[in-house]
Each structure stands twice: as C-alpha cells, then as structure tokens.
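Data first, discussion second: the structure below is written as structure tokens.
Readers should treat all values here as calculations from the given coordinates under stated rules, not as data from a laboratory. Computed from a predicted structure; not experimentally measured. Note: ideal-geometry Cβ built from the backbone for every residue, glycine included; neighbour counts use all protein chains shown.
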C-alpha cells in the first residue's frame with residue numbers, strides 16, 4: 001500500500017525541506033533557504049537563472065524531480 005509522506009501544508013513543507021537536504025548531500029544544489037512565516041513557508045533554491053520564492057508545493061515538486069533519479 002502506498003503511504004503518503006505528507007498530510008497537510010506543514011508536513012508537505014517538512015518533506016520539501018528533507019528533499020532539499022538530500023539534494024545538497026547529493027551535490028545537486030549548493031544551498032537552500034527556508035523562510036518561516038506565521039502562516040506560510042517560502043523556499044529559495046538558488047540556480048543560475050533565478051532565485052524566486054517557491055511555495056512548499058513548488059519546492060517539493062522541483063526537488064522531487066531533481067532527486068527522483070537517486071535512491072536513498
């Protein structure tokens with residue numbers, strides 16, 4: 001049975017943060033920043049073109065795609 005790793009916005013943001021840490025470990029990104037606000041989180045994943053704020057959903061999808069070819 002397929003278990004979801006997140007159930008709400010907070011656990012989704014936590015999973016995005018874990019994927020970012022994994023991407024750093026694998027050398028896929030040089031760094032990342034998470035800004036915590038009372039009602040939301042903003043992710044910044046630098047790249048050569050831009051470093052715009054990402055929502056937890058956008059960060060999760062981008063990092064999942066980036067780390068998807070690597071196993072744990």
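Over all distinct alpha-carbon pairs, what is the Kirkwood Rh of the stretch 9-67 in angstrom? For the stretch 9-67, inverting the mean 1/r across all distinct Cα pairs yields 11.3 Å. For 22, 65, the sequence from fewest to most other C-beta atoms within 10 Å is 65, 22. Legend: ranking of residues 60, 44 from fewest to most surrounding C-beta atoms inside 10 Å; resulting order 44, 60. The modelled label-to-label distance between residue 9 and residue 33, using points 7 Å beyond Cα along the C-beta direction, is 2.1 nm.
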